[in-house]
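A short write-up of the structure that comes next.
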Amino acid sequence: MDINKLVRPNILALKPYSCARDEFKGSARAFLDANENAFMHPYNRYPDPLNMDVKELIAGINGCRGSQIFLGVGSDECIDMVYRVFCRPGVDNVVAIDPTYGMYSVCAAINDVEYRPVPLNADFSLDADRVLAATDSNTKAIWVCSPNNPTGNAFAYEELRALLERFDGLVIVDEAYGDFNDGESMISRLDALPGLIVLRTFSKAWGNAAIRLGMAFASETVIDLFNKVKYPYNINALTRSQAMDMLGRADEVAALAAEIVKVRGDLATRLAALPTVRRVYPSQANFLLVKVDDADALYSYLSGRGIVVRNRTNVNLCDDCLRVTVGTPEENDLLISALNDYER
């Protein structure tokens, strides 16, 4: 695959912004290039434009190269980057499974790119033939969230292989919840699949939603294009510092993710025992999709009790479903207690 054939012509021709610190090589004795306030410390200097030290730590954890990583302001910047680099406004389109994470369609609308949702099967499994049938010569990307939001199920490589092998474009596999899934990450297949982009985030298992740091893993060609288009200093120094600290605690994060998986199983059992609950769907994420008698009424009741869940009843295939995040034991007890009171 020639990735450059997928790129918007204006992006291929773009001369990116370059700062002096991109161009300078060596050990600097004085920074007099960027018109910063030299007298105010410690946040007076612009941050590192590429943060290669952060990327190398991430690469070591994920079994890839630092040059295969793009850091964005949350995964949302990584999602938006796909549209900005590859999709011509008013001309190109993307295809996505449905239901799925809402920002794929929002970013498509912002960038004036046609968004084509393709329903999953009734059991939330993927129909590759149906997804591929929705593509045409102007389809630049296919979006697959795995484990999927809001359904919670993950797609095995065998389910994704048809998309990756038969589609001559980009396949983005969003693994935001991958740390809660017992399956293999698609990051290990980057070198074999030049059209593959894998998304990960610090917002879920890493427990750092507040720092807004997302990761895109892809070929060096794609990463170079993303770096060409991104704003020069998109990752701030405070985010970088916290990320470096968390990356040094990778074992702790992995252990906590495993604990959340155990708590998820306990919560699923307790929810399934409630009369108002019709089904608790299997989940490989840190949340549960729960089918109930009347999602609107139950959502309103829980809100009145100060318990916020996500009402997904208006989402395709999710009639009368609530999405419930796995909370602390205390939060889960509060939820179950409120639901028991609702039954009475």
Condition first: of a type in the set (Phe, Trp, Tyr) and either closer than 18 Å to MET81 by Cβ or in contact with an Asp or Glu (Cβ under 6 Å, 6 or more places away or on another chain) (or both). Now tell me which residues in the stretch 1-54 satisfy that. TYR17
For the stretch 6-57: of the residues being out of contact with any strand residue (DSSP E or B) (no Cβ under 7 Å at 6 or more places or on another chain) and β-branched (Val, Ile, Thr), which is farthest from SER241 (Cα to Cα)? VAL7
Of the conditions (1) touching a strand residue (DSSP E or B) at 6+ places or on another chain (Cβ under 8 Å); (2) closer than 25 Å to LEU120 by Cβ, LEU335 clears all except one; give me its number. (2)
Just a yes or no: is a residue in the stretch 282-291 basic (Lys, Arg) and surrounded by fewer than 16 Cβ atoms within 10 Å (Cβ to Cβ)? no
Only one of (1) surrounded by fewer than 23 Cβ atoms within 10 Å (Cβ to Cβ); (2) over 25 Å from PRO16 (Cβ atoms); (3) under 18 Å from the mean Cα position of the chain (by Cα) fails for GLY72. Which number is that? (2)
Give just the number: which of (1) outside the structural domain of ALA162 (by TED's automatic domain parsing); (2) of a type in the set (A, V, I, L, M, F, W, C); (3) under 22 Å from ALA154 (Cα atoms) does LEU196 not satisfy? (1)
Are any residues in the stretch 281-338 of a type in the set (Lys, Arg) and within 19 Å of ARG270 (Cβ to Cβ), and if so, which ones? LYS291, ARG305, ARG310, ARG323
Anything in the stretch 205-232 that is surrounded by 18 or more Cβ atoms within 10 Å (Cβ to Cβ) and either within 15 Å of the chain's Cα centre (by Cα) or among the aromatic types (Phe, Trp, Tyr) (or both)? List them, or say none. ALA205, TRP206, ASN208, ILE211, ARG212, LEU213, GLY214, MET215, ALA216, PHE217, ALA218, PHE226
Lone unmet requirement of (1) assigned to a helix (DSSP H, G or I); (2) exposed (fewer than 15 other Cβ atoms within 10 Å of the Cβ); (3) without any contact (Cβ under 8 Å) to a residue 60 or more places away in the chain for ALA268: (2)
I'd like to verify a number: residues in the stretch 30-79 that are over 15 Å from TYR231 (Cα atoms) and assigned to a loop (DSSP other than H, G, I, E, B), how many? 19
Does the stretch 297-313 contain any residue that is among the hydrophobic types (A, V, I, L, M, F, W, C), in contact (Cβ under 8 Å) with a residue 24 or more places away in the chain and outside any loop (DSSP other than H, G, I, E, B)? yes
Would you call LEU32 assigned by TED's automatic domain parsing to the domain that holds MET215, more than 24 Å from ILE172 (Cβ to Cβ) and of a type in the set (A, V, I, L, M, F, W, C)? yes
Picked from the stretch 58-69 (must be touching a residue at least 40 places away in the same chain (Cβ under 8 Å) and buried (at least 18 other Cβ atoms within 10 Å of the Cβ)), the residue farthest from LEU196 (Cα to Cα) is ILE58
Does the stretch 247-259 contain any residue that is surrounded by 13 or more Cβ atoms within 10 Å (Cβ to Cβ) and part of a loop (DSSP other than H, G, I, E, B)? yes
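The values are calculated or read from the model by the stated rules, or taken from the named source; none is laboratory data. It should be emphasised that the depicted structure is a prediction, and the values quoted were computed from it without experimental measurement. Here the Cβ is made from the backbone with ideal geometry for all residues, glycine too, and neighbour counts use every protein chain on show.
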